[in-house]
Amino acid sequence: MSKKKFYVVWKGRKKGVFTSWKVCKQQIDGFEGAQYKSFADLNEAETASTKNYGDYKGQNTKKPILSSSEKTKYGSPNLESISVDAACSGNPGRMEYRGVLTHNKKEIFRKGPYERGTNNIGEFLALVHGIALLKNKKKEDVPIYSDSRIAISWVKKRACRTNITFDASNKDLLDLIKRAENWLKENTFKNPILKWETKAWGEIPADFGRK
């Protein structure tokens, strides 16, 4: 059974605290510069709604899903790594992606927004961007974390296996995907591509803070 979440919208068609993702999404889907975040506790959400979005952006506001004993089997993430993530308003929708240093969340690249993309496409592109960046810097021993199993599998298969339709509105995104696929086919890399265990470690450091 999923746990109840509460959604704060600081900037959208309507502002406030919402008790369902469906209603929250109506306020932010397609809204330029939307600001929103989910909370596990109603009181925390109500308090957050009276403050600034910047006070919560990028913070993990979800309560731990696993107990301490359950977390031990996952160990700890390698902080000497980079982490990537994507954000998408809608599915498909306006998408962007970025990469950060895992240990301090310092942003090292950010691309987008691109029209009519998906989170998985963004995660795939972010991973390839990170791999290429590390290869160029001759740091092929540095791990890369993503919280998307699908994107990780696409990188390993060297193909973005999305089923969305491409047309004039997102041709630039298709061109970027093709360049990423070609790079993977023409290059080798040694960087470990690792799954970020959100349940044990909280949100990935590259998270955009918009959930």
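Okay, here's what the table says:
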| read-out | value |
| --- | --- |
| Members of region 80-91 that are open to solvent by 60 Å² or more (accessible area, probe 1.4 Å) and either under 30 Å from ASP167 (Cα atoms) or at pLDDT below 95 (or both) | ASN91 |
| When residues of region 154-169 are limited to those that are over 19 Å from ILE193 (Cβ atoms) and within 20 Å of the chain's Cα centre (by Cα), the one least open to solvent (accessible area, probe 1.4 Å) | ILE164 |
| Neighbours by Cβ (under 8 Å, 6+ apart or cross-chain): first from region 72-83, more than 13 Å from LYS106 (Cβ to Cβ); second of a type in the set (Gly, Ala, Ser) | TYR74/ALA200 |
| Residue in region 14-38 that is farthest from ASN52 (Cα to Cα), counting only those that are part of a helix (DSSP H, G or I) and open to solvent by 40 Å² or more (accessible area, probe 1.4 Å) | LYS22 |
| Hits in region 170-188 - residues which are hydrophobic (A, V, I, L, M, F, W, C) and open to solvent by 50 Å² or more (accessible area, probe 1.4 Å) | TRP183 |
| Close pairs (8 angstrom Cβ cut-off, 6 or more residues apart or separate chains): in a helix (DSSP H, G or I) in region 182-203, surrounded by fewer than 18 Cβ atoms within 10 Å (Cβ to Cβ) and acidic (Asp, Glu) anywhere | ALA200/GLU70 |
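The values are calculated or read from the model by the stated rules, or taken from the named source; none is laboratory data. Source: prediction; values computed, not measured. Heads up, the Cβs are rebuilt from the backbone with ideal geometry, glycines too, and the neighbour counts pull from every protein chain shown. With ligands, DNA and RNA removed, areas are computed over all heavy atoms of the protein, side chains included. Shrake-Rupley method; radii C 1.70, N 1.55, O 1.52, S 1.80 Å.
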